[in-house]
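So the structure is just underneath, and the comments pick up after that.
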Amino acid sequence: MLNPMYGRHAAEYAAAIRDNSYNAHYERPSLIALLPELQGKRVIDLGCGPGEYAAYLTSQGATVTAVDSSLEMISLVQQKLGNSVHAYVQDLAQGVPDEADRSFDLVVSPLMIHYLEDPTSLFRDVKRILKPEGLFVFSTHHPFVDYQFSPSGNYFLTEKIVDEWDTLGRPTRVEYFRRPLSALMQSLTDAGLCMVELSEGRPDEQMQQTDPESFQKLSTAPGFLFLKCRVV
């Protein structure tokens, strides 16, 4: 079932992440730091959410396709960016079957992979749609952080986590999957992708003034994992 935060609460979520600590001042600058020159590139944003990345990519001169499993999120992207991007709904657990082989210079996927029980099918499609010199840049939950929520206590299992987040200013139920780092890397390898750069992110300096507690936490311990990959 789609997490309600990305369905019926999509508009609230979009407003909440526009300028918050973890998304706007930690995740986005950390992932953007891994991106190549965007002018003239064809980019697909997998798990586009309300379109924060699609707007940025477009502003940098990229031609953007935005894909999400949530109709509500795609509607927000279309309201925000109109015909400047091609946006559509797709269950990303099934990949992106409508996209042509070797058609994109860059695939980005911000904070979406952990909603897939097994990302291998999507990773295989990422390889298929990337041009030979293309890049895949994505962020996901840090395996060491998620381990503290393991119901079994076995780090090496892939497990569904049911949690409550206060992103909307109140507890909201969220379901996702935690997996060991080795499982994530094996899925990439099995799909024919090779990691070329890994980051654990850094909060931007603005957070030191707006949210010093989170700034201190993210300056001394990781929150998310950021990977840049190429086709093998």
In region 134-154, how many residues are farther than 15 Å from His114 by Cα, in contact with a strand residue (DSSP E or B) (Cβ under 9 Å, 6 or more places away or on another chain) and without any contact (Cβ under 8 Å) to a residue 40 or more places away in the chain? 2
Of the residues that make up region 120-140, is at least one within 19 Å of Gly201 (Cα to Cα), assigned to a helix (DSSP H, G or I) and in contact with a His (Cβ under 6 Å, 6 or more places away or on another chain)? no
With Tyr115, Tyr155 as the choices, which residue is surrounded by 15 or more Cβ atoms within 10 Å (Cβ to Cβ), more than 23 Å from Cys48 (Cβ to Cβ) and modelled with pLDDT of 95 or more? Tyr155
When you check Leu168 against the structure, is it in contact with a helix residue (DSSP H, G or I) (Cβ under 8 Å, 6 or more places away or on another chain), modelled with pLDDT under 95 and not aromatic (Phe, Trp, Tyr), yes or no? yes
Of all residues in region 194-214, how many are over 23 Å from Met112 (Cα atoms) and of a type outside the set (D, E, K, R)? 6
When residues of region 182-230 are filtered for being of a type in the set (S, T, N, Q) and in contact with an Asp or Glu (Cβ under 9 Å, 6 or more places away or on another chain), how many remain? 2
Does Phe215 satisfy the criteria of being at pLDDT 95 or above and loosely packed, with under 13 Cβ neighbours inside 10 Å? no
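Quick grid of which residues meet (1) surrounded by fewer than 22 Cβ atoms within 10 Å (Cβ to Cβ); (2) in contact with a strand residue (DSSP E or B) (Cβ under 8 Å, 6 or more places away or on another chain); (3) modelled with pLDDT under 95; (4) within 20 Å of Phe123 (Cα to Cα):
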site	(1), (2), (3), (4)
Leu57	no, yes, no, no
Gly61	yes, no, no, no
Val67	no, yes, no, yes
Met73	no, no, no, no
Go through the residues of region 182-204 one by one and say whether even a single one is hydrophobic (A, V, I, L, M, F, W, C), at pLDDT below 95 and surrounded by 13 or more Cβ atoms within 10 Å (Cβ to Cβ). no
If you go through region 162-178, how many residues are in contact (Cβ under 8 Å) with a residue 24 or more places away in the chain and either in contact with a Phe, Trp or Tyr (Cβ under 9 Å, 6 or more places away or on another chain) or among the acidic types (Asp, Glu) (or both)? 9
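The values are calculated or read from the model by the stated rules, or taken from the named source; none is laboratory data. Note that the structure is predicted; figures quoted are calculated from it, not measured. Note that each Cβ is placed from the backbone with ideal geometry, even for glycine, and that neighbours are counted across all protein chains shown.
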